[in-house]
Each structure stands twice: as structure tokens, then as C-alpha cells.
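Below: the structure, in C-alpha cells.
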Amino acid sequence: MAKRDTRSEIVKIGTDLISRNGYNATGIDAVLREAGIPKGSFYHYFKSKEEFGLAVIDHFAERYDQRLETFLADEEVTPLNRIRNYLESGLVRLEQNLCTRGCLVGNLGQELADSNERFRSRLDQIFTSWKERFAACLVEAQAAGELSGEVDPQVLACFILSGWEGAILRAKVMKSPQPIRDFIQILFATVLRSQQ
């Protein structure tokens, strides 16, 4: 019988609850109740709720980084189509959860960036790493002749990430995937229009 990884289980359940309810509205008791773990166990693994929150962020970021790798490093697809495939898959995921969850990192950025410097700093690091993944893909698109060499891949990657996160927020507020559809359509009709 496999040994129970209690810490990972707490983090996984916490990720789900915080994705649905936000950090401040998610109590430790609710996480432990769902995990079936006594309160004393929580403090064996985490010194504080803040440390737990940072572990949740890292867990989400690690999983999401694998997702970005799957799409943006797929050498069987042209670089601009990698970005399109990633965005289209995000649209499908948002439609499947009825526009209720959005992006955990984006959600926590809105909730915590002004009130907790450790969270703000970690979330900024994650956004920067995502931007770098997009920028690398855009450099490949330039090398392949798909994208003009005149555009700065770092600036364009930041623009895509900011627009994407904004479209997700609007989709949640409107309870409609239309902002994401519009973002993808305009992005590829104008900014990422293939040069080939």
C-alpha cells in the first residue's frame, strides 16, 4: 500500500479550494476537513497560512509550467500555431468550468498583490517566467519568418500575457467565454498575423 503524502494532499486540496473561493475566504479548517486530517498535522507541514499559500502557488505554477512546455515547445507545430493552440486550449478549459475559475495566479495577484509582499513577489516571478516562455516561442516565430523581426519578443510576450489574463478576468466577470474568443481572434488577425 502506498504511503500517504499528507503535505501534497493538503496542497492539492488547498489549490482546488483557493481556485474556487480565493485565498482569504479559504480557511485552514475547510482544507483539513476535506483532506480528513487533524489540525495539528497542518502545522507539522506549514508554519503558517502564508507558507501554505506559497506552497499552493508553487504547486499550481509547477503544473502550469508543464502545460506551457507541452504547447509552446511542441516542435511539430509552427511557433505561432503553438501559441494559438495554447490559447484555444485555455478557452476550452474556461468553457468547461463555466468561466468560474480563471487563472489562480491572476486571481491571487488581484487579491493579494497590494496586501502581501511575499505573495506579490512570487506571483511576479511566475508571470515573468511565463512571459519568457512566450518570448522564446516568438523568437522562434521570427527565425521561421512567421513574425516580423522588427517587433521586440519580450514586449510582445508581455502584451500577450497581459491581454490573456485580462480576457480571463473579463470572461469570469461576464460569465462568458466571449472576451477570450475576441482576444484570440484579434491577436491573430492583427498582432500575430503570419508573415508567410
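Report whether or not Tyr43 is in a helix (DSSP H, G or I), open to solvent by less than 50 Å² (accessible area, probe 1.4 Å) and out of contact with any helix residue (DSSP H, G or I) (no Cβ under 7 Å at 6 or more places or on another chain).
When the stated conditions are applied, Tyr43 does not pass them.
State all residues of region 151-187 that are over 17 Å from Glu95 (Cα atoms) and either out of contact with any Lys or Arg (no Cβ under 6 Å at 6 or more places or on another chain) or basic (Lys, Arg) (or both); if no residue qualifies, say none.
Matches in region 151-187: Val151, Asp152, Pro153, Gln154, Val155, Leu156, Phe159, Ile160, Ser162, Gly163, Ile186, Leu187.
Which pairs have Cβ atoms under 9 Å, sit 6 or more apart or on different chains, and link a residue in region 168-182 that is in contact (Cβ under 8 Å) with a residue 60 or more places away in the chain to one that is surrounded by fewer than 16 Cβ atoms within 10 Å (Cβ to Cβ) and not in a helix (DSSP H, G or I)?
Cβ pairs passing all conditions: Lys172/Thr100; Lys175/Leu98; Lys175/Thr100.
Would you pick out the residues in region 136-157 that are closer than 24 Å to Ile126 by Cβ and in a helix (DSSP H, G or I)?
Across region 136-157, the qualifying residues are Ala136, Cys137, Leu138, Val139, Glu140, Ala141, Pro153, Gln154, Val155, Leu156, Ala157.
Are any of the residues in region 141-149 closer than 21 Å to Asp65 by Cβ, open to solvent by less than 20 Å² (accessible area, probe 1.4 Å) and either at pLDDT 95 or above or out of contact with any strand residue (DSSP E or B) (no Cβ under 9 Å at 6 or more places or on another chain) (or both)?
Within region 141-149, one or more residues are closer than 21 Å to Asp65 by Cβ, open to solvent by less than 20 Å² (accessible area, probe 1.4 Å) and either at pLDDT 95 or above or out of contact with any strand residue (DSSP E or B) (no Cβ under 9 Å at 6 or more places or on another chain) (or both).
Determine whether Arg84 is assigned to a helix (DSSP H, G or I), open to solvent by 60 Å² or more (accessible area, probe 1.4 Å) and within 23 Å of Ala25 (Cα to Cα).
Criteria not met by Arg84.
Within region 94-109, track down each residue that is surrounded by 15 or more Cβ atoms within 10 Å (Cβ to Cβ) and assigned to a helix (DSSP H, G or I).
Across region 94-109, the qualifying residues are Leu94, Leu104, Val105, Gly106, Asn107, Leu108, Gly109.
Which one of Asp16, Asp58 is of a type in the set (D, E, K, R), surrounded by fewer than 15 Cβ atoms within 10 Å (Cβ to Cβ) and within 17 Å of the chain's Cα centre (by Cα)?
Asp58
The values are calculated or read from the model by the stated rules, or taken from the named source; none is laboratory data. All values derive from a computational prediction rather than experimental measurement. Here the Cβ is made from the backbone with ideal geometry for all residues, glycine too, and neighbour counts use every protein chain on show. Ligands, DNA and RNA are excluded from the accessible area calculation, which covers all protein heavy atoms including side chains. Shrake-Rupley method; radii C 1.70, N 1.55, O 1.52, S 1.80 Å.
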